[in-house]
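What follows draws every value from the coordinates through simple rules; no lab data is involved. As the structure is a computational prediction, the values presented were derived from the model and not from experiment. Every residue, glycine as well, gets a Cβ built from its backbone with ideal geometry; the counts of neighbours run over all protein chains shown.
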Amino acid sequence: MSNVGAKTLLSHSFRIAWKDTMELFRNKMMLVMLILMPLFMMVMVGFIYSSDTSMSNVPIALVNQDSGYGNSTVASQTFTTVLQQINNSTGMMKLSNVSSVDEIKTLVKNGEIDGGIVIPSNFTESILTGQQGTIIIITDQSNPQMSSTIQSALKSVFDQMGTMLAQQNVMGLNSSVNYSNSLAIVKPYTVTTEGIVEGNSTYFDFIAPGIIAMTVMMSVMTGLPAAISQEKEVGTLDGMMAAPINRLSVILGKTLAQTARGLLQGVIILVLAVGLFGVTIHGSVLLVFGLLLLGVFSFVGLGIVLTSFAKDQETAMMLMMTLMFPMMFLSGVFFPIQQMPWYMQGISKFLPLTYASQALRKVMVLGADIPAISTELTILIVFGIVMIAIAVPVFRRMMTR
Amino acid sequence: MGNEPIIEVKNLTKTFNDFVAVDSISFDVRKGEIFGLLGPNGAGKTTTLRMLSTLARPTKGTATIGGYDIVENDTEVRKLVGIVSEKMIMYNRLTARENLWFFGSLFNIPKKVLTKRIDELLELVQLTKWKNAQVGRFSTGMRQRMNVIRALLNMPRVLFLDEPTLGLDPQSSVEIRDFIIKLNQENDTTIIITTHMMVEADLLCDRIGIMDHAKIVALDTSTNLKKMISGADTTILKLEIGNLSPNIIEAIRTCKCTDAVSQENSTHLRIIAHGDEAFDSVVDAVRAKNGKINSMENLQPTLEDVFLHITGHQVRDSVEQKVPMEPHGPSAQQKRRIR
């Protein structure tokens, strides 16, 4: 292509992009949606997953059936006190006292509580006679996720109590052992975790880069077919095609406009993530934007191919929906890829979004630099080039049907 | 009007899968003329226009505009032509000026020239007052005027108009038609217009090509097309039958002398018939079905009759054999029949 040709191609593309952006900014409803969509996504995902303890104020009923040993109910008293202490600091449960196991079952069925804790009648007796004390947990099987969370939470409570009790027992056995030594005897091993960067990361740190990558890339992949098929349907595309312009400037202009729009949304999400949900960007912000642009590049070809297939807006929407969902879930935006069965992991290896969100995550969460994400970069570039090489001839044919 | 052709179409064909939209049509359009393509919806008029304006690629055949091939030199062709399509080509959220500026800038017109031209065009169709209003708020008539001047931004030598008055009120239609004539006379712009309105074609066009079922079935001036039927022993009757029923229509249709019948409203029929006994046969047919004839008129042929005559024939047999292509003078028989 000659120099003049390239210049007019670009100038026409900018005209088309300008026109598209102008239309968008005059469309108040669209503009509001543009900001609301990422906001909703952020707020929902952010508040559902943001806190470290994933649950709070779960209503749980407690039944103390302990009949004591001699006149003492010391074991069950200690148990309830410790349970309440731990609960006060975590705020996980909302404890209430009830009188029988049947009452717990009725309350669970009525949906008033999510589970129950039962202290059996021989609890103190077992402990004081040197036997193991048993606690029964009643769970709501209709909500398996909740019930397993309650189970594991209560188990850790009991574990902690068991340790305390064992410490006291060890001290009782040998008076020369002090409290902290006794802990070493009861629990000789302990584990602490340390990340690559400082501070704890929440689920939100994991998900924010993925959502940003997804929003920006989808805007090109789905926005392009939607925008062009809409103009085709309304007839305005003819107005452009009747002018002596290179067909490519239509697609280039549209891509520019969609990219700007996607980046705008990406920035909104980023600001929300940092401002509202305390996400910290450990790497370079410039690299983040560079990655987003690369992501767009890798998706343009796919967008153009879809455009060529989408004869009208309805088809474009359908194509978009069908492709968006697997993309969203298979590329590890919401869940780690490692959680998926092997064949799904295989599919996710072919999705550019996987690499874009992975690279973005490394940069944002781990503060990675360019060498650290060179694999992802290479894959995105190659994918982009291959798709564009396929897309351009397909598009040219479609335009002169 | 010069006689040199500015558009030459040879065996132009367009198929969509199995469907033949345009079937090997050939015609010339002379420089400076208004050429009409007349035909019912689906006849292939729009597809023909789309191919000539390079918006669609012909399956077979060729056409040149101003000497440029519409496929090989499509960019040159685009510089020469303007198209007013049936759909309004404009962005509702942009103002009149912004719309014109956008489409104009795609033609690489220097800024100064374009600014001046936009102002002139807006003035020409009395939209200057509204130049900074979004076109989405315009009335249909205003929008169609916008649609037309959009196609004039590159000062085309050839202007294609696809049903330019479709859906307009009579006053707006007249305005657009006057504008087309003015454009043709003052700028010597060659105009190709499609329409399914016979009256419009009659009013505007120097020559008319009648399209039906993807083919051009007749092509001549309006006068000559009409002579085609009035010159032969053809009679055009307008019948008012008080108790008109499908039975009666069928009886007339099956008359040996009847070429075509069209029902205009609940009581009126328009009949094209031939032969000396046309009158009598039709009247007999109506009587046989106990029809009551309230009035009967012998009419001068209109383009509508030409169309009915041609396509009416075509429905039953092939057109080419039956349509007399040589014009004859009005026959003595016909004159005698006029009441």
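Here are a few things to note about the model shown:
- Nitroxide proxy distance, nm - points 7 Å out along Cα→Cβ at A:Ile337 and B:Asn294: 8.2
- Using the Karplus relation 6.51 cos²θ - 1.76 cosθ + 1.60 with θ = phi - 60°, the per-residue 3J(HN,Hα) values for region B:273-290 come to 9, 9, x, 5, 8, 3, 3, 4, 4, 5, 4, 4, 4, 5, 4, 4, 9, 6 Hz, with x marking Gly and Pro.
- Counting only other chain Cβ atoms within 10 Å of each residue's Cβ, the peptide A:240-250 averages 6.
- Sparsely packed chymotrypsin sites (Phe, Trp or Tyr not before Pro) within region A:302-396, loop by DSSP, other Cβ within 10 Å at most 13: A:Phe350
- Under-5 Å amide H pairs with B:Ala260, H placed in peptide plane, nonlocal only: B:Ile272
- Among A:Asn246, A:Asn174, A:Asn122, the residue with the largest mean-square fluctuation in a Gaussian network model of chain A, with springs joining Cα atoms closer than 10 Å, is A:Asn174.
- Dimensionless Rg ratio for the protein assembly as shown, taking C-alpha atoms and the 2.2 N^0.38 Å reference: 1.50
- Neighbouring Cβ atoms from other chains, within 10 Å of the Cβ of residues in B:103-113, number 4 on average.
- Antiparallel content of DSSP bridges confined to chain B, in %, to 5: 70
- Positive end of the dipole of the protein assembly as shown (Cβ unit charges, origin at the Cα centre): among B:Ser53, A:Ser156, B:Val261, the Cα lying farthest that way belongs to B:Ser53.
- Exposure proxy for A:Leu224, A:Leu263: other Cβ atoms within 10 Å of each Cβ, ordered fewest to most, give A:Leu263, A:Leu224.
- The label-point distance for B:Asp280 and A:Ser99, in a model that sets each label 7 Å from Cα toward Cβ, rounds to 11.6 nm.
- Highest mobility in the GNM of chain A, judged by mean-square fluctuation with C-alpha springs under 10 Å and restricted to A:Ile370, A:Ile269, A:Ile136, is found for A:Ile136.
- Taking GluC sites (Glu not before Pro) in DSSP loop states with no more than 15 other Cβ atoms inside 10 Å as exposed sites, chain A has its longest site-free stretch at A:199-401.
- Taking a straight Cα-Cα cut-off under 24 Å and skipping sequence neighbours fewer than 8 places away in the same chain, the lysines within cross-link reach of A:Lys109 are A:Lys94, A:Lys155.
- Rg/Rg_ref, region B:20-93, where Rg_ref = 2.2 N^0.38 Å and atoms are Cα: 1.16
- In order through region B:179-191: 3J(HN,Hα) via Karplus (6.51 cos²θ - 1.76 cosθ + 1.60), integer Hz, x for Gly, Pro: 5, 4, 5, 4, 4, 5, 7, 7, 9, 6, 6, 6, 10
- B:Arg207, B:Arg150 arranged by Cβ crowding within 10 Å, fewest neighbours leading: B:Arg207, B:Arg150
- What you get for the protein assembly as shown, charging only the Cβ of Lys and Arg (+1) and of Asp and Glu (-1), is a dipole of about 1480 debye around the Cα centre.
- Shielding by partners for peptide B:51-58, expressed as the average number of C-beta atoms from other protein chains within 10 Å of each residue's C-beta, is 3.
- Overall shape of chain A was characterised from the C-alpha gyration tensor. The equivalent ellipsoid obtained from it has semi-axes of 61, 23, 17 Å, in decreasing order.
- Bins of 5 Å from zero: percent of alpha-carbon pairs in region A:58-186: 2, 10, 18, 20, 19, 14, 8, 4, 2, 1, 0
- Amide hydrogen neighbours beyond the local backbone of B:Asn294, cut-off 5 Å, H modeled: B:Glu240, B:Ile241, B:Gly242
- Loop-located trypsin sites (Lys or Arg not before Pro) across region B:266-305 with a Cβ neighbour count of 14 or fewer within 10 Å are B:Lys292, with loop assigned by DSSP.
- In region B:237-266, the GluC sites (Glu not before Pro) that fall in loop regions by DSSP, at most 15 other Cβ within 10 Å: B:Glu264
- Over region B:5-220, the alpha carbon radius of gyration divided by the compact-protein estimate 2.2 N^0.38 Å works out to 0.99.
- Here the residues B:Ile149, A:Ile268, ranked from fewest to most Cβ neighbours within 10 Å of their Cβ, fall in the order A:Ile268, B:Ile149.
- Residues considered: B:Gly82, B:Gly209, B:Gly242. Largest GNM mean-square fluctuation over chain B, using C-alpha springs under 10 Å, is found at B:Gly242.
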